[in-house]
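Peer 1: What follows is a single structure, and I will ask about it in a moment.
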Amino acid sequence: MDPLTDFIAVLPEALLLGCACLVLVADLFLRERHPNAAYGMTLVSLAAVAAAAAGPLSTGLERYAFGGMYLSDAMSAVLKLTAIFATALTLVYARSYALKRGMWRGELFALGLFALLGVMSMISANNLIMVYLGLELQSLALYGLVALRRDDARATEAAMKYFVLGALASGFLLYGMSMLYGATGTLDINALAQRIHSGQPIHSVLVLGTIFVVAGIAFKLGAAPFHMWVPDVYQGAPTPVALLLASAPKLAAFAIAFRILVEGLPQLAVDWQRMIAVLALTSIAVGNVTAVAQTNLKRMLGYSTVAQMGFLLLALLAGVVGGNTAITAGAYGAAMFYVVTYALATAGCFGVILLLSREGFEAEEIADLRGLAKRSPWYAFVMTLLMLSLAGLPPTVGFTAKFVVLQALVSESGSGPMWWLAVIAVLFSVVGAFYYLRIVKTMWFDEGTDQHPLEAGPDMRIALTANGLALLVLGILPQGLLALCNGAVLRALGG
Amino acid sequence: MSAHFPWLSLAIWLPIVFGAYLLAVGRTAAPGGIRAVALTGAVLSLLVTLPVIAGFDAGTPNLQFTEKFLWIARPTAHYYLGVDGISMWFVPLTAFITVIAVLAGWKSIETRLSQYYAAFLILSGLMIGVFCAADGLLFYVFFEATLIPMYLIIGVWGGPRRVYAAIKFFLYTLLGSLLMLVALVYLYQASGGSFDIIAWQKLPLGRTPQILLFLAFLAAFAVKVPMWPVHTWLPDAHVEAPTAGSVVLAAIMLKLGAYGFLRFSLPIAPDAAHELSWLIIAMSLIAVVYIGFVALVQTDMKKLVAYSSIAHMGFVTLGFFVFSPAGVEGAIAQMISHGFVSGAMFLCIGVLYDRTHSRNIADYGGVVNTMPRFAAFAMLFAMANCGLPATSGFVGEFLVILGAVQFDFWIGAIAATTLVLGAAYSLWMYKRVIFGDIGNPAVAQLQDIDGREFLALGLLAVAVLWMGVYPAPVIDVLHTSVAELLAHVSQAKFVAGSL
């Protein structure tokens, strides 16, 4: 394959790499005179990268590059666009918060862009080494970001914890990959599936490898029982970084789960689906029940993420590999829809937390939301939409997402254990509804001490409003995004 | 499906648009303007339901005023609306009660006015949506979405224990409806990928799935109705809700559950309905008798009416499960009548509460001396509550007892005790509050009802009397649809011997 074709395929990543370096260097010279220059450049870069990443969406072409290391298709385009969008939202939400805390520097942008580059590489990876490279790039950038406030004890602790456990997870993943390589002699995900299909590899080695890979992915998703780092890191990391952690990396984790497990190891579906079922149920139970006991908002969102990831795993479980392609695509499309809307809702929640914080005051406790409906009814309304969406209540998109997952879960299986999974998941949603509703209650029913309306710049105001309303509009009219996700997955599965 | 004007969509979305507008203007608008916009919205929303009454053809059991558009392609769901004889009257009833609710909060609500009225208008549109939805998923979305405004209404404008009551209300009903969601998903699979409720009704189902479906629907609707023993959220919610919240809750929201039995439980799982009818009948009779006694000993007026609502709704579910035209039509008539009467009772309590800030029966006595016009209205509604002939309450109770006696004499006899119990708690409360000597100085200073209150109570009084004296327009609409429903329910859906 000639280099030009390769380059066209990786255009978004190449562009992002260039921009990240440019921002890093330019900030050194412009920081004093134009404090917002790097911010503007970053947003422009993200817009350009988004335009480049949207390409496969219109053509629908699958492009392999660099000898099959890299794959650019409609599915990667949708996930990348969401990740880019989430990163841009993060920066917009973070601006006033970071300015007041001396974090509004080139490092934030450059590391954010590098993390995004890692995310995008993972999304497009078609080779286990590529997956690992992307993962490490993302993780290293995020370790740095978590520790950005090095004078803050909690942030440092969070960074250490994240680094140690993250390294362990990377080790798991790498170990699993090496076993897969040992059994099949290939790192290419497509070739992996073919070699397993042809039947020579030793099954036990493959299963052992799969166990480690699944554990690694569960670690990155934050699924129980590999979730221990999530609440601590969410709580300890600076809020903008927690937002970054909570959104884009989940998209990447979904992508690698899909690429490795569904595309690479379909023959071992029976094995990994059982593991995923256990992970999903444990996450939903542990996440929801533990979140109830939290008083810290960021920590609560951490546990809520664990529960949400459990739901996402349910959808991964739902697709029966090798069955009817359309139904399978429906299941993985549901998972993709779930993770995209989850990223959107989480971004909004952290946005509200950032908005509430003032100079020298971290609005992290649930109690800090008291009386928000009186102070700023509009933001209380937006936060209400976000909470309802995370709780999965109509007419918000959170309901649609949970509904398509449940529907997928029971679609192929007909009867048997899947129904019980659906019922259990639904029952724990009621527990989940309790703590999300408690936030709504705190905002609307409790009296606050602070009566001042929240102040926000125009970019923040527009972004947060659009974010909240998007959840409502997508909830009422989900067809467009749902069809996009289903179509992308269908093509990825070769239907 | 001829191209006609989408009246049902208009009835659903007009109040929601008004509500959204009120939210948008928010704090900037003057209170007078907000009230005027809210009332205009409510009245216009009522007016657009009139063509539905006028254009309704009582001769066919099919859905009318249908609108159908593709909503979600995969899994396939439609924006599919339509009304039949069973649901038709609830559309104008909901809009009518919303007008009353807007009038009820006219003076007593002073905080967050625009949000208050927005919540009621949006709630009204959503509830009409529940009655009109002919697509299972659409039904569910409307059904669940009604929880949110009601949660806020109770929690923001409610009494001292409002937070507890609001969360209890929400979680109780959510738990029930999520099980229904699983049932809906199952039906989607079983019907080969359709959310069409009418198609579901024709779907052949085995015995076990029918029973599981029936129980899942029961979980959702029994909580909403509410039936004994899952009724405990209702007294809390009513006591803490503001007057208008109680009016809407009692008059319409409880009917969503009862309506669900007619739309889902009976036609989709008819064999299970027959098999488990003893359970529902037992739960209903306990509600009628036991809850009737519980109502008798209440010292809080709102609690008393709340328990009386549970007893009356027990009558409704009893009527459904005796499987006769008289029973089902009587139950539907009872639902409509209860909408007027319970709404009126809560409004009356609200009138007193606005003046004295007490709901304790013991704090009153001799109100007739200072509020004679109010006493006259309250008399009418108390009588209607115990089912006096020539009031709307009589029609439904009579038909249900008739149906119950046809089904089984003793069931009818136990149900008929409601006439005694209802009279006892309604009239005893009336006597203690309205008659006697003025014992409390606050009562001596009471002002009689003003023009706005007179209008709200007067409208309800007209409705109660009209339905009591001349119920034919309401009952006639029901015949064809109820006959079709019962004919459908009487046929077994599964082949004998199969599971």
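The values are calculated or read from the model by the stated rules, or taken from the named source; none is laboratory data. All figures in this text were calculated on a predicted structure; none of them were measured in a lab. Cβ placement follows ideal geometry from the backbone for every residue including glycine, while neighbour counts extend to all protein chains displayed.
Peer 1: Would you point out which residue out of B:VAL247, B:VAL230 is of a type in the set (Val, Ile, Thr) and surrounded by 24 or more Cβ atoms within 10 Å (Cβ to Cβ)?
Peer 2: B:VAL247
Peer 1: Give the residue, chosen from A:PHE403, A:PHE428, that is without any contact (Cβ under 8 Å) to a residue 12 or more places away in the chain and within 13 Å of chain B (Cβ to nearest Cβ).
Peer 2: Result of the check over A:PHE403, A:PHE428: A:PHE403.
Peer 1: What residue, of B:GLY387, B:GLY350, is in a helix (DSSP H, G or I) and either of a type outside the set (A, V, I, L, M, F, W, C) or in contact with a strand residue (DSSP E or B) (Cβ under 9 Å, 6 or more places away or on another chain) (or both)? First the steps, then the outcome.
Peer 2: Working: B:GLY387 fails: in a helix (DSSP H, G or I).
Sole residue among the options that is in a helix (DSSP H, G or I) and either of a type outside the set (A, V, I, L, M, F, W, C) or in contact with a strand residue (DSSP E or B) (Cβ under 9 Å, 6 or more places away or on another chain) (or both): B:GLY350.
Peer 1: Can you tell me how many residues within the range B:174-198 are within 26 Å of the chain's Cα centre (by Cα) and surrounded by fewer than 19 Cβ atoms within 10 Å (Cβ to Cβ)?
Peer 2: Summing the residues that are within 26 Å of the chain's Cα centre (by Cα) and surrounded by fewer than 19 Cβ atoms within 10 Å (Cβ to Cβ) in the range B:174-198 gives 1.
Peer 1: Still on this model: Just checking: which of the helices (runs of 4 or more DSSP H) contained wholly in the range B:417-499 hold 2 or more residues that are within 23 Å of the chain's Cα centre (by Cα) and of a type in the set (Val, Ile, Thr)?
Peer 2: B:451-469, B:472-490
Peer 1: Taking B:ALA134, is it of a type in the set (A, V, I, L, M, F, W, C) and modelled with pLDDT under 90?
Peer 2: The answer is no for B:ALA134.
Peer 1: Of all residues in the range A:452-471, count the ones that are in contact (Cβ under 8 Å) with a residue 24 or more places away in the chain and either surrounded by 17 or more Cβ atoms within 10 Å (Cβ to Cβ) or away from chain B (no Cβ under 13 Å) (or both). Quick ask: steps written out before the conclusion?
Peer 2: Of all residues in the range A:452-471, those in contact (Cβ under 8 Å) with a residue 24 or more places away in the chain come to A:452-454, A:456-457, A:459-460, A:463-465, A:467-471.
Next, only the ones that are either surrounded by 17 or more Cβ atoms within 10 Å (Cβ to Cβ) or away from chain B (no Cβ under 13 Å) (or both) stay: A:452, A:454, A:456-457, A:459-460, A:463-464, A:467-468, A:470-471.
Residues flagged as in contact (Cβ under 8 Å) with a residue 24 or more places away in the chain and either surrounded by 17 or more Cβ atoms within 10 Å (Cβ to Cβ) or away from chain B (no Cβ under 13 Å) (or both) within the range A:452-471 amount to 12.
Peer 1: Another one. Identify, from the list B:PHE340, B:PHE315, B:PHE323, the residue that is buried (at least 24 other Cβ atoms within 10 Å of the Cβ) and either at pLDDT below 90 or in a loop (DSSP other than H, G, I, E, B) (or both).
Peer 2: Just a single option satisfies the conditions, and that option is B:PHE315.
Peer 1: Is it true that some residue in the range B:170-193 is at the interface with chain A (Cβ under 8 Å from one of its Cβ atoms) and within 27 Å of B:LEU113 (Cβ to Cβ)?
Peer 2: Looking for residues that are at the interface with chain A (Cβ under 8 Å from one of its Cβ atoms) and within 27 Å of B:LEU113 (Cβ to Cβ), one finds at least one in the range B:170-193, hence yes.
Peer 1: Restricting to the range A:472-495, name every residue that is in contact with a Lys or Arg (Cβ under 9 Å, 6 or more places away or on another chain) and either closer than 19 Å to B:ALA24 by Cα or surrounded by 18 or more Cβ atoms within 10 Å (Cβ to Cβ) (or both).
Peer 2: A:LEU482, A:ASN486, A:ALA492
To keep it simple, each residue is scored yes or no on (1) buried (at least 23 other Cβ atoms within 10 Å of the Cβ); (2) free of Cβ contacts under 8 Å to residues at least 60 places away in the same chain; (3) assigned to a helix (DSSP H, G or I); (4) touching a Leu at 6+ places or on another chain (Cβ under 9 Å).
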| residue | (1), (2), (3), (4) |
| --- | --- |
| A:PRO249 | yes, no, yes, yes |
| A:ILE260 | yes, no, yes, yes |
| A:GLN267 | no, no, yes, yes |
| A:THR282 | no, yes, yes, no |
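Peer 1: Okay, next question. For B:SER45, indicate whether it is modelled with pLDDT of 85 or more, surrounded by 15 or more Cβ atoms within 10 Å (Cβ to Cβ) and more than 14 Å from chain A (Cβ to nearest Cβ). Even if it seems obvious, please write down each step before you answer.
Peer 2: Values: modelled with pLDDT of 85 or more: yes; surrounded by 15 or more Cβ atoms within 10 Å (Cβ to Cβ): yes; more than 14 Å from chain A (Cβ to nearest Cβ): yes.
Spelling it out, B:SER45 is indeed modelled with pLDDT of 85 or more, surrounded by 15 or more Cβ atoms within 10 Å (Cβ to Cβ) and more than 14 Å from chain A (Cβ to nearest Cβ).
Peer 1: Hey, could you check the range B:213-243 for residues that are among the hydrophobic types (A, V, I, L, M, F, W, C) and in contact with a Gly (Cβ under 6 Å, 6 or more places away or on another chain) and say which is farthest from B:LEU175 (Cα to Cα)?
Peer 2: Within the range B:213-243, the first condition is being among the hydrophobic types (A, V, I, L, M, F, W, C), and the residues that meet it are B:213-223, B:225, B:227-228, B:230, B:233-234, B:237, B:239, B:241.
From what's left, in contact with a Gly (Cβ under 6 Å, 6 or more places away or on another chain): B:219-221, B:223, B:225, B:241.
Numbers: B:ALA219: 8, B:ALA220: 8, B:PHE221: 11, B:VAL223: 9, B:VAL225: 14, B:ALA241: 21 Å.
It comes out as B:ALA241.
Peer 1: On to the next question. Consider B:MET345 against the criteria (1) closer than 26 Å to B:LEU249 by Cβ; (2) touching a Leu at 6+ places or on another chain (Cβ under 8 Å); (3) of a type outside the set (Gly, Ala, Ser): it satisfies all of them except one. Which criterion is unmet?
Peer 2: In the conditions (1) closer than 26 Å to B:LEU249 by Cβ; (2) touching a Leu at 6+ places or on another chain (Cβ under 8 Å); (3) of a type outside the set (Gly, Ala, Ser), B:MET345 misses (2) alone.
Peer 1: In the range B:224-237, what residues are out of contact with any Pro (no Cβ under 8 Å at 6 or more places or on another chain) and either modelled with pLDDT of 90 or more or of a type in the set (Phe, Trp, Tyr) (or both)?
Peer 2: B:TRP228, the sole residue that qualifies.
Peer 1: Looking at B:ALA199, B:ALA190, B:ALA183, which is the one that is small (Gly, Ala, Ser), at pLDDT below 85 and under 26 Å from A:VAL404 (Cβ atoms)?
Peer 2: Result of the check over B:ALA199, B:ALA190, B:ALA183: B:ALA190.
Peer 1: Same structure again: Hey, could you check the range B:281-298 for residues that are out of contact with any Phe, Trp or Tyr (no Cβ under 8 Å at 6 or more places or on another chain) and in a helix (DSSP H, G or I) and say which is nearest to B:LEU427 (Cα to Cα)?
Peer 2: Once the filter is applied, the top-ranked residue is B:PHE293.
Peer 1: Exactly one of (1) closer than 18 Å to B:THR243 by Cβ; (2) in contact with a Lys or Arg (Cβ under 6 Å, 6 or more places away or on another chain) is unmet by B:LEU123. Its number?
Peer 2: If we test B:LEU123 against (1) closer than 18 Å to B:THR243 by Cβ; (2) in contact with a Lys or Arg (Cβ under 6 Å, 6 or more places away or on another chain), just (2) comes out false.
Peer 1: State yes or no: is A:THR396 within 12 Å of chain B (Cβ to nearest Cβ), under 21 Å from the mean Cα position of the chain (by Cα) and among the β-branched types (Val, Ile, Thr)? Working first, answer last.
Peer 2: Working: within 12 Å of chain B (Cβ to nearest Cβ): yes; under 21 Å from the mean Cα position of the chain (by Cα): yes; among the β-branched types (Val, Ile, Thr): yes.
Yes, satisfied.
Peer 1: Something else: Name the single residue that is nearest to the other protein chains (Cβ to nearest Cβ) among those in the range B:101-115 being under 20 Å from A:THR384 (Cα atoms) and surrounded by 24 or more Cβ atoms within 10 Å (Cβ to Cβ).
Peer 2: B:GLN115
Peer 1: Quick check: is even one residue across the range B:189-202 among the hydroxyl-bearing types (Ser, Thr, Tyr) and in contact with a Leu (Cβ under 6 Å, 6 or more places away or on another chain)?
Peer 2: Yes: one or more hits.
Peer 1: Mind listing whichever residues of the range A:374-404 are under 12 Å from A:VAL473 (Cα atoms) and among the β-branched types (Val, Ile, Thr)?
Peer 2: Selection gives A:THR396, A:VAL397, A:THR400.
Peer 1: Just one of (1) within 23 Å of the chain's Cα centre (by Cα); (2) away from chain B (no Cβ under 13 Å); (3) crowded, with 24+ Cβ neighbours inside 10 Å trips up A:GLU364, so point out which.
Peer 2: With respect to (1) within 23 Å of the chain's Cα centre (by Cα); (2) away from chain B (no Cβ under 13 Å); (3) crowded, with 24+ Cβ neighbours inside 10 Å, A:GLU364 is out only on (3).
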